[in-house]
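Contents: one structure, followed by commentary.
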Amino acid sequence: MTTDQPPEPAPEASAEAPAPGGVHRARRAFRRWRRTRPFWAAVWTGLGGFVIFFLPMAPLGKILQVGIGGIAGMAGGVLLMAMALLILLLPGQRHTAGVIAVIAGVASFPLSNLGGLFVGMFLSVLGGSMAFAWLPEKPAKRRFPRRATPTAVGSGSA
């Protein structure tokens with residue numbers, strides 16, 4: 001008879017452990033993609049459009065009483081959410097979309113419940129301004145200056 005202990009089973013992979021590098025790789029990829037476009041400008045513009053769109057939403061009887069104000073609020077909100085998508089997906093068109101977002105945000109003040117009780121108007125103007133002002137990241141500068149090109153011997157002035 002031997003007194004050896006039976007071998008311990010190999011530790012199994014925990015279900016809680018993330019896949020090696022999968023989540024982190026996805027986060028890095030999203031971060032790289034996000035930094036190539038005016039991401040936060042699109043978020044604020046879309047959120048402002050969402051507030052302006054859904055604030056006048058009410059039962060049909062209330063919308064009929066509100067009249068054109070409810071319809072204008074919904075149209076302005078849809079326009080702002082469309083501009084947010086345009087800012088996010090086509091960063092080259094950010095100037096046009098930013099100006100339209102600012103104009104629609106300011107126009108929502110008289111057209112739609114004080115611009116979504118000022119919140120939607122503020123977010124839309126903020127996002128549109130951020131989109132207009134956003135610049136793509138510049139490439140890193142070279143560490144070492146370029147060498148001066150040598151001039152031909154004897155071609156200089158005396």
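Read the figures in this text as sums done on the coordinates, not as results from a lab. Bear in mind the structure is a predicted one, so any value in this text is a computation, not a measurement. Neighbour counts run over all protein chains shown; Cβ positions are idealised from the backbone, glycine included.
The figures follow:
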{"quantity": "Ordering of 74-87, 31-44 by burial proxy (mean other Cβ atoms within 10 Å per residue, highest first)", "calculated": "74-87, 31-44"}
{"quantity": "For the range 39-54, 3J(HN,Hα) per residue [Karplus equation, 6.51 cos²θ - 1.76 cosθ + 1.60, θ = phi - 60°, Hz, x = Gly/Pro]", "calculated": "4, 5, 5, 5, 5, 5, 5, x, 5, x, x, 4, 5, 5, 5, 8"}
{"quantity": "Cβ-defined net charge surrounding Leu85, 13 Å radius [Lys, Arg +1; Asp, Glu -1]", "calculated": "+2"}
{"quantity": "Ranked packing of 46-54, 104-112, most packed first, by mean Cβ within 10 Å", "calculated": "46-54, 104-112"}
{"quantity": "Under Karplus coefficients 6.51, -1.76 and 1.60, residue-wise ³J(HN,Hα) of the range 105-113 in Hz, glycine/proline x", "calculated": "x, 5, 5, 5, 4, x, 8, 9, 6"}
{"quantity": "Fully extended contour minus Cα-Cα distance, from Phe54 to Leu90, at 0.36 nm per residue", "calculated": "10.4 nm"}
